[in-house]
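Here's the structure, in structure tokens; my notes come after.
The values are calculated or read from the model by the stated rules, or taken from the named source; none is laboratory data. Quantities reported herein were computed from a predicted structural model and do not represent experimental measurements. Glycine gets a Cβ as well: all are built from the backbone with ideal geometry, and neighbour counts include every protein chain shown. Keep in mind that these areas ignore ligands, DNA and RNA; they rest on the heavy atoms of the full protein, side chains included. Shrake-Rupley method; radii C 1.70, N 1.55, O 1.52, S 1.80 Å.
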Amino acid sequence: MEEEILIEDIEAEGENSFGKNCDQALLKTKEKLRECEEKSREYLDGWQRAKADYVNLKRENESDRIKISRFAAEALLLDTLGTLDLFDLAMSQKTSWEKVDTGWRTGIEAIYSNLKSTLSKYGLVEIKATEGDKFDPNLHLAVESKPAENPELDETIQKVISNGYQLGEKVIRPTKIIIWQKS
């Protein structure tokens, strides 16, 4: 009978030991799972931040690319304006211009027209200014002023020296003018 008690004690002790071991293993597994979930959240957060950073960088690069191309286009157009000025100057000398061979003059006028048309396709717009218009410091650059005898002429354009141009809404070169100004 002592043998039976011993066996029962061992069996009871084994069951308790197995139960304790199971509980400890379960606790360790739950702790490990919590750690893995935490790391998983950290990795997901890091990945999401990296993805957002990448999207922002991509957007900035596109914005920079557009700015650079606009800057390059503006520089090219500004350099070309000197050529337009030379055409305007040549054709403004009416007496001399009309003495030039008609065929040659027609060809030069066609080149001038084509150049202006091409530049307008890229957004270049001439700033219209005529004598008697009101002076607008956003569009005009007064290079000289002449005394106005009539007060109504004050701050009006007396003469256009060279045309101004806009690229979209931006004035890339103001119209150079002489204005009337009251004394």
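Computed values, structure above
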item: Number of positions in segment 97-117 that are within 28 Å of LEU78 (Cβ to Cβ) and in contact with a helix residue (DSSP H, G or I) (Cβ under 9 Å, 6 or more places away or on another chain); result: 8
item: Matching residues in segment 87-98 - criterion: being without any contact (Cβ under 8 Å) to a residue 60 or more places away in the chain and surrounded by 11 or more Cβ atoms within 10 Å (Cβ to Cβ); result: PHE87, ALA90, MET91, GLN93, TRP97
item: Test: residue in segment 102-111 that is surrounded by 14 or more Cβ atoms within 10 Å (Cβ to Cβ) and on the phi > 0 side of the Ramachandran plot; result: no
item: Elements of type strands (runs of 3 or more DSSP E) contained in segment 121-183, each with 1 or more residues being open to solvent by 50 Å² or more (accessible area, probe 1.4 Å) and farther than 22 Å from LEU76 by Cα; result: 140-148, 156-162, 175-182
item: Flag for LEU124 being in contact (Cβ under 8 Å) with a residue 40 or more places away in the chain and within 15 Å of VAL171 (Cα to Cα); result: yes
item: Matching residues, segment 127-162, being in contact (Cβ under 8 Å) with a residue 40 or more places away in the chain and hydrophobic (A, V, I, L, M, F, W, C); result: ILE127, ALA129, PHE135
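The rows are residues; the columns are (1) open to solvent by less than 100 Å² (accessible area, probe 1.4 Å); (2) modelled with pLDDT under 90; (3) within 30 Å of GLY107 (Cα to Cα).
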| residue | (1), (2), (3) |
| --- | --- |
| GLU4 | no, yes, no |
| GLN48 | yes, no, no |
| GLU62 | yes, no, no |
| LEU78 | yes, no, yes |
